[in-house]
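In what follows, a structure is listed as structure tokens, so that the remarks can point back to it.
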Amino acid sequence: MSKRMPWLWMVYAVLVAVFTVRETYYLFVPDSEISLYFLILRAFDPVFYLAYAAYVLRLLLTLIHCLPIWLYAYRIRFLPTAFWQYLFFGRCLFEILGNAYEITSLVAFSHNNPKLVWIAPAIMLSPLIPSYIVCYWYAFGQEKVFAKME
């Protein structure tokens, strides 16, 4: 790994953290669209607290997964690999379950433009793909990845 690579990963980890913190901030600001969405959703039925909880867990897991990017960049082993594997599966699960607001918005936009159903998720998920790759390497391939780096 070149000397620039850890810095590129660190910049990427900081960007992911900043965008996740910004999204979390908008969740708790009373006048934001996402806050109003979940407020109205929970007003209909208490079962919709599950959608809210899944959204909050998705944000939390995305923020936690900035740590394996940093650990990977500096070749640091921290906690057992089983911990990172369960955390990675949890992140994948809540990436699917914790997007109620985005899915509702996508469905609403798709009535005007059906092509948007395929383009918007690709645009929304593409910045997170390197994060998933690095977290997968850190969780499932530490021995092989760290052996190549040394």
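Every read-out reported here was derived from the displayed coordinates using simple, explicitly stated rules and does not represent laboratory data. Fair warning: this is a prediction, and the values are worked out from it, not measured in the lab. Cβ coordinates were reconstructed from backbone atoms using ideal geometry, including for glycine residues, and neighbour counts include every protein chain displayed.
Once the Cα atoms are used to define both axes, helix 100-110 deviates from the longest principal axis of the chain by about 70 degrees.
Rounded to the nearest 10 degrees, the angle from helix 81-97 to the longest Cα principal axis of the chain is 20 degrees.
For the chain, the longest principal axis of the alpha carbon atoms and the long axis of helix 49-64 meet at an angle near 30°. Candidates PHE78, TRP118, SER32 compared by Cα position along the dipole of the chain: farthest toward the positive end lies PHE78, with charges placed on Cβ. Multiplying the residue separation of TRP118 and ASP31 by 0.36 nm and subtracting their alpha-carbon distance yields 28.4 nm.
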